[in-house]
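Asks: Before anything else, here's the structure in question.
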Amino acid sequence: METQIITINKSDTASSIREKLFQAGKIIRQGGLVAFPTETVYGLGGDALNPDAAQKIYAAKGRPSDNPLIVHISQIDSLDSLVSAIPDKAKKLAKAFWPGPLTMIMNKSDIVPSQTTGGLDTVAVRMPSHPVALEFIKQAGGYVAAPSANLSGKPSPTTAKYVIQDMDGRVDMIIAADDSEEIIGLESTIVDMTSDIPAILRPGYITQAMISREIGATDIDVTIFDADSGKAPKAPGMKYRHYAPRGELVLVEGRPDDVVAYINAQVRFHKERGEKTGVIGTDTLVTKYDADIVKNAGSRDEPVMAASRLYTFLREFDDENVEFMYSESFKNEGLEQAIMNRLLKAAGHKIIKV
Ligand code: AMP
Ligand code: MG
């Protein structure tokens, strides 16, 4: 398949963006696939109400079809037709966080095909805030089902370069956005709104504390951090080894000096064997690491930086054929909880406490 690549720049006006995205919307309305930017990661979109489109998405990603897709909308009102009822708490969260990086799961209506929801009776819905995403969804008819635009098992793409690497030849069009645009860099927070006390199934930029401030008590799915809980994650996609780089990643937790000493000892060991190493560290420690490639995740006081860079670091380690990677670990709260969740998955839950 020939993939058309269009670019949206900072210099584009609202009307030139509209014009460029008309074509993209038409592809979706005719049953095709378009990769598009959002404020979290790039999405791989198809018409959410067309069962064939969902199948095409699974095929393009190489994703198992029991893994449901998130339906993206461009206006809050569109939620009405996707779900059988909107719980009051969902209304509150939509008002507080949409458009934005929050996905809510509710009981689906009949217009949502089971192919889109991986056979579930529930549907995941999000209204993104990225202006290109909003205009594209509107042009596409208002309901775009989209997982992240990476091949299954690879880190989610946060720049057009990696979307093209994974999806060129597999989709009809890729919308490339200006890379200088501020992005969050981690997938949306997912909250299951079908129980009285809503539960976070995937942590993200919108934290448990932010959600609880709006609606009171919220639970968090235990499988997010405990690989040995013996339970199946409620978000089917969370069971797969996602976000993984090709090499082996290990997280290291402990006092800063001990973390540096441990990582440098490992790096020495690999270097003697001629193996290439990489480290992800925070700004006060990065100069201390002896690895071949050291990535600076920024300050611990501003985890937004680490969040927005994480997937690019993992992709770059792949590009550089790094074989052994070590990362400092992060706290289990706030945005750091989301970073830690993705790191743990990328590391296959390998964490060393020093
Ligand atoms: P991605 O689109 O790559 O960000 O992945 C979407 C995530 O949302 C996966 O982990 C899915 O399992 C999860 N998800 C989507 N729909 C549902 C649903 N109805 N119930 C539970 N999890 C869902
Ligand atoms: Mg994904």
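Asks: What residues qualify as long-range amide H neighbours of Gly43, i.e. H under 5 Å apart, gap of 5 or more or another chain, H built at 1.01 Å from N?
Replies: Amide H neighbours of Gly43, under 5 Å, 5+ apart: Phe36, Thr38, Ala149.
Asks: Let me ask something else about it. Sort Glu39, Glu19 by heavy-atom solvent-accessible area, probe 1.4 angstrom, most to least.
Replies: Highest to lowest solvent-accessible surface, that is Glu19, Glu39.
Asks: If you don't mind, another one. Name the longest site-free stretch of the chain, where the excluded sites are chymotrypsin sites (Phe, Trp or Tyr not before Pro) in a DSSP loop with no more than 16 other beta-carbon atoms within 10 Å.
Replies: 1-224
Asks: Using only Cα atoms, tell me the angle between helix 88-97 and the longest principal axis of the chain; keep it within 0 to 90° and round to the nearest 10.
Replies: 60
Asks: Roughly to the nearest percent, how much of the accessible area of the chain is carbon and sulfur, given a 1.4 Å probe?
Replies: 48
Asks: Excluding same-chain residues fewer than 8 positions from Lys89, which lysines have a Cα within less than 16 Å of its Cα?
Replies: none
Asks: Test of understanding: in a Gaussian network model of the chain with alpha carbons linked when under 10 Å, which of Gly31, Gly274, Gly142 would top the mean-square fluctuation ranking?
Replies: Gly274
Asks: Which whole-number value in Å² is the accessible area per residue of the chain, probe 1.4 Å?
Replies: 42
Asks: Which value, in Å² and to the nearest 10, is the accessible area of Ser156 when all protein chains are kept and the probe is 1.4 Å?
Replies: Roll a 1.4 Å probe over it and Ser156 shows about 0 Å².
Asks: Further question on the same structure: Using Cα centres only, tell me the gap between the stretch 225-301 and the stretch 33-79 in whole Å.
Replies: Result: 31 Å between the Cα centres.
Asks: Which loop trypsin sites (Lys or Arg not before Pro) in the stretch 323-354, with loop taken from DSSP, have no more than 15 other Cβ atoms within 10 angstrom of their Cβ?
Replies: Within the stretch 323-354, the qualifying trypsin sites (Lys or Arg not before Pro) (loop, at most 15 other Cβ atoms within 10 Å) are Lys331, Lys350.
Asks: Where is the GNM fluctuation largest for the chain (alpha-carbon springs, 10 angstrom cutoff): Val71, Val34, Val112?
Replies: Looking only at Val71, Val34, Val112, the largest GNM fluctuation is found for Val112.
Asks: Follow-up question, since we're still on this one. Taking only Cα atoms, what is the 0 to 90° angle, nearest 10, from helix 51-61's long axis to the longest principal axis of the chain?
Replies: 20
Asks: Please say if the stretch 55-158 is rounded, prolate or oblate, where rounded means a/c under 1.5 for a ≥ b ≥ c the square roots of the C-alpha gyration tensor eigenvalues, and otherwise the choice is prolate for a/b larger than b/c and oblate otherwise?
Replies: oblate
Asks: Let me ask something else about it. For Ile220, enumerate residues with amide H under 5 Å from its amide H, sequence gap 5+ or separate chain, H modeled in the peptide plane.
Replies: Ile200
Asks: Okay, moving on. Let me know the shape class of the stretch 119-170, please: from the alpha-carbon gyration tensor, a ≥ b ≥ c as square roots of the eigenvalues, rounded when a/c is under 1.5, otherwise prolate if a/b is greater than b/c, or oblate.
Replies: It is oblate, given that a/c is not under 1.5 and a/b is not larger than b/c.
Asks: Right, next: Which of the three applies to the stretch 114-271, rounded, prolate or oblate, going by the alpha-carbon gyration tensor with a ≥ b ≥ c and a/c under 1.5 meaning rounded?
Replies: Cα axes put the stretch 114-271 in the oblate bin.
Asks: Arrange the residues Leu120, Leu251 by how much accessible surface each exposes, largest first, with a 1.4 angstrom probe.
Replies: Accessible-area ranking of Leu120, Leu251, largest first: Leu120, Leu251.
Asks: If you don't mind, there's one more thing I want to ask. Give the long-range amide H neighbours of Ile190: residues separated by 5 or more places, or on another chain, with amide H under 5 Å away, using H modelled in the peptide plane at 1.01 Å from N.
Replies: Thr103, Leu201, Arg202
Asks: Now, a different point. When the chain is modelled as a GNM with alpha-carbon springs shorter than 10 Å, which of Ile175, Ile86, Ile70 fluctuates the most?
Replies: Ile86
Asks: Still on this model: Is there a pair in Lys61/Lys154; Lys271/Lys350; Lys288/Lys345; Lys138/Lys161 whose C-alpha atoms are over 18 Å apart, and which pairs would that be?
Replies: Lys271/Lys350; Lys288/Lys345; Lys138/Lys161
The values are calculated or read from the model by the stated rules, or taken from the named source; none is laboratory data. Since this is a predicted model, take the numbers as computed values, not measurements. So basically every Cβ, Gly included, is an ideal-geometry build from the backbone, and we count neighbours across all protein chains shown. We work out accessible area using only protein heavy atoms, side chains counted, and drop any ligands, DNA or RNA first. Shrake-Rupley method; radii C 1.70, N 1.55, O 1.52, S 1.80 Å.
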